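> Below you will find the structure I want to go over with you.
None of the figures in this text is laboratory data; all of them are computed from the coordinates on show. Here the structure is a predicted model, which is why all the values come from computation and not from measurement. All Cβ positions, glycine included, derive from the backbone under ideal geometry; neighbour counts span all protein chains shown.
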Amino acid sequence: MARLDRKSRVRDVYAHPLGRDIIDKLLLHTGISPRWILNPVAGNLRLGRLDQVGRRAIGPGFVDTLISLLNDHPDEPARSESAGTSAGEPAWWKEAVFYQVYPRSFQDSDGDGLGDLRGIISRLDYLQDLGVDCVWLSPIFDSPNEDMGYDIRDYRRVMAEMGTSEDLDELIEGCHERGMRIILDLVVNHTSAEHEWFRSAVDDPDGPYGDYYFLRRGEPGEDGTGAPPNNWVSFFSGSAWRWIPDAERWALHLFGPGQMDLNWANPTVRGEVAEVVQFWLARGIDGFRLDVINYISKRPGLPNGNEFIGRLMEFTGIEHYYVGPQLHAYLRELRRRGFTRGADAVAPSSSVRLRLPDGTLGDPLPPDPVGVMVGETPGVGIEIGRLLSGADRGELDMVFNFDVLEPPGKVRWDDYRYDLNYLKDFSEGYLDRIGSNDWIALFLENHDNPRMISKVLGPDDHDPGLRTAVARVLATIQLTLRGTPFLYQGQELAAINQDFTSIGDLRDLESLNRYAELRSNGATVGGAFDEILPGARDHARVPMRWEPVDGGGFTDGTPWLHGVEDSTGFTVAEQRADPESVFNWYRDLIRLRRQHEAFTYGSIEFVAPGARDYFAWFRTSPAGDRWLIEVNLADAPVQRRNGSLRVEVKLGTTTRRGVTMAPYEVMISRVFG
Ligand code: ISL
């Protein structure tokens, strides 16, 4: 890309991959229509002029920050055939359905109220029966659990509460022999403050470990008496810097005060991380989900964040690290040195057995040459996502694009109803923009977000019929679009949000800090709670409901976090017994996906993109096997398109393909001719 300067125009910014992502993000965030920015008058505006005329609104420095940010990222995504024609090279992870387990809340085996590895082992048959191909475990490494394991104290040790190293070996083997792979969570933007590297850094800030972190002198002081080195704020409230008296330094923590950011500019740190990955690949782990991996490269000098961007995005400083200057280089190095199995690598004690389309198992496969790399990349838009995961790039395999989660102008904390037409627009826009070189992760939920059914239905999520209907709609979309589905535990049971009643019901650091901050700014007890409840991460973290008994079959003891949602019919036992259940819908969809290549390597072509409520697409396999997926996104009938097509309905909430679709109707048909 040509370098930008103050003579460049707004449209040059939009022609730049990162510039386009940033403008799209601003539009999404503010809910402003693209028309306002992309008309010729605004498009032709020179950046220097924008700086002058916009000064009152955007303040000083914004334009220069933008220019240097874009110039740090000169690459363009490769041109490739449209996603409508080809799916690129085959790979196991393109065919797989991933399933995220939140280990604390999946199954407790020893009555301490906390889920553990033996609990997961005891539920592997369940996962195999559901049909998923790869299990992803949220953190299970030794941790003081300030952020539920996302603060790691020892990357090579299993958290004592979760089990032993032998338990993990058994779990890995148990997955493999059932034809499932297993990946773990690599949290390496930061370590726990209790990690021995950080302790050594505090003991001797000028020694080798001092440079593992961001330790800066700044102005000394505690309790707000001194000034931190810059104005960056933490995602979990307050300044991103903590004064460490023993080191007489400030330390950077983008997340909680016990989550210290690692300095990736230090090659020794990068070497350490690569070794951790090699260690686990040798143990049989098939790859990692990489936590906030786009934050690892911080702009040298750690300059102050721009105030305007800070106000807009809520997190001052974010432009200096959310796609830092060395991000691509670090990821390439990590892939090469960490995720690639060397020719002399020891073979792990087990490797996954082949699973045939009919679900039966074949022989064990040789270990994958490269462990899969799934990037958790908050804030990253479509174009940078392509640069991070394009097949030619040697970086990640897939990224999560979080824009799917909230429609324009909304943030997670808002209390609103998610319009499924936004999911339609987002999916069409995303898949139309990418090409055969790209492959995306399809997700709607994880352990950091409220349940999607509740976002769509609001309080109506307590209506079993509506809940089931919306669950089927979401499942169908997620499992038949082009990309790799990542299911989060409980989705297959149509899990919904919890009616928590007070802050005492919550355990998550983010919510607790936010609540405290609101209170100290004058909010009442009830007011502060109401503001955090819609976005609280604990909605998704309550224990799995296995059986309709007290404790849900999760534990014999007292669960670490109480689920208060206890509606009849939505436990595993009840769902499995009911042929019409959401669980069985997921199972059928997963099976269909495995049996027909059209759903994985098939092209995708959207029908009636502009239509409201009617969301439909064709998937056509390389061999010409053609399918039509149709979904009514509304709680009212909708006119169907292509009514006269010759089809055979293979899976549907009804078997007759009528002129109109019933409320929330879903239909998957094979197309003839
Ligand atoms: O909850 C958020 C912040 O407001 C999310 O943006 C979330 O923090 C972000 O997606 C990063 O999440 C990951 O890293 C965090 C951890 O708390 C989350 O659980 C994890 O998924 C820090 O490690």
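> What ranking do 382-392, 299-309 get when scored by the average of other Cβ atoms within 10 Å per residue, highest first?
Highest-to-lowest ranking by the protection proxy: 382-392, 299-309.
> Next up: Provide the FRET efficiency to the nearest 0.05 for the A15-S520 pair, computing r from the beta carbons and using R0 = 45 Å.
With R0 = 45 Å, the Cβ-Cβ based efficiency is 0.50.
> Using label points projected 7 Å from each Cα along Cα→Cβ, tell me how many nm separate D550 and V346, to one decimal.
Rounded to a tenth, the inter-label distance reads 4.8 nm.
> Additional query: Below 8 Å between Cα atoms, with a sequence gap of 6+, how large is the relative contact order for the chain in percent?
14
> Stick to the Cα atoms of segment 393-453, pair each with every other, and give me the Kirkwood hydrodynamic radius in Å at one decimal.
It works out to 13.1 Å.
> Tell me, in nm to one decimal, what length is gained between R641 and L26 on full extension, where the rule is 0.36 nm per residue of separation less the Cα-Cα distance?
Fully extending the segment from R641 to L26 adds 218.0 nm.
> Please report how far the C-alpha centroid of segment 620-644 lies from that of segment 159-206, rounded to the nearest whole angstrom.
Between the Cα centre of segment 620-644 and that of segment 159-206, the gap is 44 Å.
> Set the Förster radius R0 to 60 Å, insert the Cβ-Cβ distance between D358 and D211 as r into 1/(1 + (r/R0)^6), and round the FRET efficiency to 0.05.
0.65
> Please work out how much length the chain gains when fully extended from R576 to S122, using 0.36 nm per residue of separation minus the C-alpha to C-alpha distance, in nm with one decimal.
161.7 nm
> Can you sort D556, D538 from fewest to most other Cβ atoms within 10 Å of each residue's own Cβ?
Ranked by crowding around the Cβ, least crowded first: D556, D538.
> Hey, another quick one. In what sequence do F62, F198 fall when counting other Cβ within 10 Å, fewest first?
F62, F198
> Can you give the extra length, in nm with one decimal, that the chain gains between H562 and D499 once fully stretched, where that is 0.36 nm per residue apart less the Cα-Cα distance?
21.6 nm
> If you don't mind, there's one more thing I want to ask. A 26 angstrom limit on the alpha carbon distance is what I want to check against. Which of K94/K410; K94/K424; K25/K298; K424/K650 exceed it?
From the list (K94/K410; K94/K424; K25/K298; K424/K650), the Cα-Cα distance tops 26 Å for K94/K410.
> May I pose another question? Can you report the principal axis dimensions of segment 184-282 using only the alpha carbons, biggest first, rounded to whole angstrom?
Largest to smallest, the principal-axis extents are 49, 29, 21 Å.
> Share of antiparallel DSSP beta bridges in the chain, in percent to the nearest 5?
Of all bridge pairs located within the chain, approximately 65 percent are antiparallel.
> I've got another one for you. May I ask you to evaluate 6.51 cos²θ - 1.76 cosθ + 1.60, the Karplus curve with θ = phi - 60°, for each residue of segment 330-339 and list the ³J(HN,Hα) values in order in whole Hz, giving x for glycine and proline?
Result, rounded to whole Hz: 5, 5, 4, 5, 5, 5, 5, 8, x, 8.
> Give or take rounding to whole Å, what are the principal axis extents of the alpha carbon atoms in the chain, in descending order?
71, 65, 60
> Run the quick spin-label model on K650 and D463: label points 7 Å from Cα toward the beta carbon, then report their separation in nm to one decimal.
3.2
> Exposure proxy check: M180, M313 ranked by fewest other beta carbons within 10 Å?
Ranking M180, M313 by Cβ neighbours within 10 Å, fewest first, gives M313, M180.
> Same structure, new question: What does segment 140-246 give for Rg and for Dmax, in Å, if only its C-alpha atoms count?
Over segment 140-246's Cα set, Rg and Dmax evaluate to 17.9, 58 Å.
> So, one more: Would you kindly calculate the mean projected area, averaged across all directions, of the convex hull enclosing the Cα atoms of segment 544-673, in square nanometres?
Mean orientational projected area (segment 544-673, Cα hull): 10.4 nm².
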